[in-house]
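Everything below concerns the one structure shown next.
The values are calculated or read from the model by the stated rules, or taken from the named source; none is laboratory data. A quick note: this is a predicted structure, and the numbers were derived from the prediction, not measured. Protein only, heavy atoms only, side chains kept; ligands, DNA and RNA dropped before computing areas. Shrake-Rupley method; radii C 1.70, N 1.55, O 1.52, S 1.80 Å.
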Amino acid sequence: VDRIDYLSQISSQLSSNLIDRGKQLYRSTQYTEAVKVWQQAIKSTQEPLTIAMLWSNLSLAYQKLGQWQNAKEAIASSFKILGTVTDESQAMLKVKAQALNTKGSLEFAIAEPEAALLAWQSATSTYVKAGDRDGEVKGLLNQVQALKALGFYRRAIKTLEQANQILKVQPDSTIKASGLRSLGDVLQLVGNLDRAEQVLQQSLKITRQDKSTDIHSEILLSLGNLARLQQNTKGALEFYQQANATAISNRAKMQA
């Protein structure tokens, strides 16, 4: 290995380590620290797709911090770099889909659900083109958020059923539980309480063994809301107490 290749390998490894470190910080809600690490990672690589992905990650972290202008500039930087990539490799499509998802989350956060829906629809179709089934499901679930905000509950149910058709043939996972929870929430909104309870209980069963994320607490919260709709005040209180006890983040505890 000549010196140039060797230095390139060192740079690539450093960037990879920083990316992973940033993800760990982000998952533990240390968003300011994640921003610093990902900014350092951008300086450590010249690979366009890696840089585009990092700018997308930075936008997500800025969104969590409520730094909307920084979030807009970061996702704009991601798309600017993607515009220089001419090939349509699987890797490029996945990074583009991630950037579209991030763009949708930003627009949804600043109360632009129509724009968010368009971005998430584009993200979903890009994941389909990349052959990424998990990404496709995430895109569909994101679309549901926008459809619910716009009051399009029937379309939301149709979109969720599409996602759940994919999830049926996949093993139990957090994504599967999240999809079922979303379906249960929308079924509540349209008054199908019996089906909502069935779906939410199925979702809860998936997460009983893994309580490392807020999804278990969020499902209990949904079950509490359902019990309240069913005039079961005692049951609702019990679900809310369980949701609070199992919540990971302060946000989830506050909701409970």
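The aspartates and glutamates within cross-link reach of LYS23, meaning a Cα-to-Cα straight distance under 18 Å and a gap of 8 or more places when in the same chain, are GLU33, ASP214. Could you work out the mean projected area of the convex hull around the alpha carbons of the chain, in square nanometres to one decimal? For the chain, the mean projected area of the Cα convex hull comes to 14.9 nm². Classification of region 152-256 by its C-alpha gyration tensor yields an oblate form. The axis ratio a/c (a ≥ b ≥ c) is 1.5 or more, and b/c is at least a/b.
With respect to the chain, whose longest principal axis is taken over its alpha-carbon atoms, helix 3-27 is tilted by about 20°.
Which of the pairs LYS205/LYS253; LYS129/LYS253; LYS103/LYS205 have their Cα atoms more than 27 Å apart in this structure? The pairs that break the limit, which is 27 Å between Cα atoms, are LYS129/LYS253; LYS103/LYS205.
Our coupling estimate for region 112-129, obtained by passing each phi through the Karplus curve with A = 6.51, B = -1.76, C = 1.60 and θ = phi - 60°, is 10, x, 5, 5, 4, 4, 4, 5, 6, 5, 5, 4, 4, 5, 5, 4, 4, 4 Hz, Gly and Pro reported as x.
Probing with 1.4 Å while keeping every protein chain in the model, the per residue accessible area of the chain equals 54 Å². The spacing between region 82-158 and region 166-183, judged by their C-alpha centroids, is 18 Å. Once Rg and the Kirkwood radius are both taken over the C-alpha atoms of region 13-148, their ratio Rg/Rh works out to 0.95.
For region 141-155, putting each phi into the Karplus relation 6.51 cos²θ - 1.76 cosθ + 1.60 with θ = phi - 60° gives couplings of 5, 5, 4, 4, 4, 5, 4, 5, 5, 8, x, 8, 5, 5, 5 Hz, in residue order, rounded to whole numbers and with x for Gly and Pro. Based on DSSP H segments of at least four residues, each scored -39500 (n - 2.57), the chain has a per-residue ellipticity at 222 nm of -27000 deg cm²/dmol.
Carbon and sulfur: what percent of the chain's accessible surface (1.4 Å probe)?
Roughly 50 percent, rounded to a whole number.
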